[in-house]
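Here is the structure we will look at.
The values are calculated or read from the model by the stated rules, or taken from the named source; none is laboratory data. Predicted, not measured: the structure shown is a model, and the values here were computed from it. Counting neighbours? That spans all protein chains shown, and the Cβs are built from the backbone with ideal geometry, glycine included. Heads up: the accessible areas ignore ligands, DNA and RNA and are worked out on the full protein's heavy atoms, side chains in. Shrake-Rupley method; radii C 1.70, N 1.55, O 1.52, S 1.80 Å.
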Amino acid sequence: MLSPIVIVIPLYEFMIAAGLLDTYLSVILCDVALATPIAIWLLHGFLLGIPRELEEAAMVDGCSRLKSLWHVILPVVRPGLAMTAIYTFIHAWSDLIFPLVMLTDDSKWPVTLALTRFVGENVIRWDYLMAAGVVTTLPAAILFALVQKHFTRGMIAGAVKG
């Protein structure tokens, strides 16, 4: 739950020691390290909001614990999972600091970091930068459009205690 700038140096030293510097895995591990606590915190509120009676009623009806989890609890938690998934995807998609530090080979740069190529020392290629920025935001916008109903339902469910 720290800012990425606070943990980038220890993670950089870890990636050097592990021999993972300049690999995609280093960026993935850094994003997972940053997103996991936030995802757990977001899902914790949704899981606390599920009444225990739902699981107990499913067990009374003959479901095993795993079956009640799959058929009863998971559909109730789906808005929270969708909200957490879209949040972590957008966070990882727009990440700039970890690829900048962990990837020295610019052919491995993600598209968000490659956008910085249009900003020169004396000239900014606004036409290319804006066109690439629109293309860069399309995957996140499409994903959000697909899960929007779950996302709004998840925000409302997380805001009401009851």
Which one of Ala17, Trp41, Trp109 has its Cα pushed farthest toward the positive end of the charge dipole of the chain, where Lys and Arg give +1 and Asp and Glu give -1 at the Cβ? Trp41
With label points built 7 Å along Cα→Cβ from the Cα atoms of Leu54 and Ile9, find their separation and express it in nm. 4.5
Percent accessible area from carbon and sulfur atoms, the chain, protein chains only, probe 1.4 Å: 70
Just to check I understand the Karplus step: with θ = phi - 60° and J = 6.51 cos²θ - 1.76 cosθ + 1.60, what whole-Hz values come out for the range 91-99, glycine and proline as x? 5, 5, 5, 9, 5, 10, 6, 5, x
In the range 93-121, whose amide N lies under 17 Å from the spot 7 Å out along Cα-to-Cβ of Asp127? List them in ranges. 118-120
Rounded to whole Å², per residue accessible area for the chain with a 1.4 Å probe reads 66
Along the Cα→Cβ direction, 7 angstrom out, place labels at Ala141 and Ile73. What is the inter-label distance in nm? 3.9
Please work out the Cα center distance from the range 80-97 to the range 19-34, rounded to the nearest Å. 16
If you place +1 on the Cβ of every Lys and Arg, -1 on the Cβ of every Asp and Glu, and leave all else neutral, what size is the dipole of the chain about its Cα centre, to the nearest 20 Debye? 560
Where does the chain land at 222 nm, in deg cm²/dmol rounded to the nearest 500, when only DSSP H runs of n ≥ 4 count, each adding -39500 (n - 2.57), divided by all residues? -23500 deg cm²/dmol
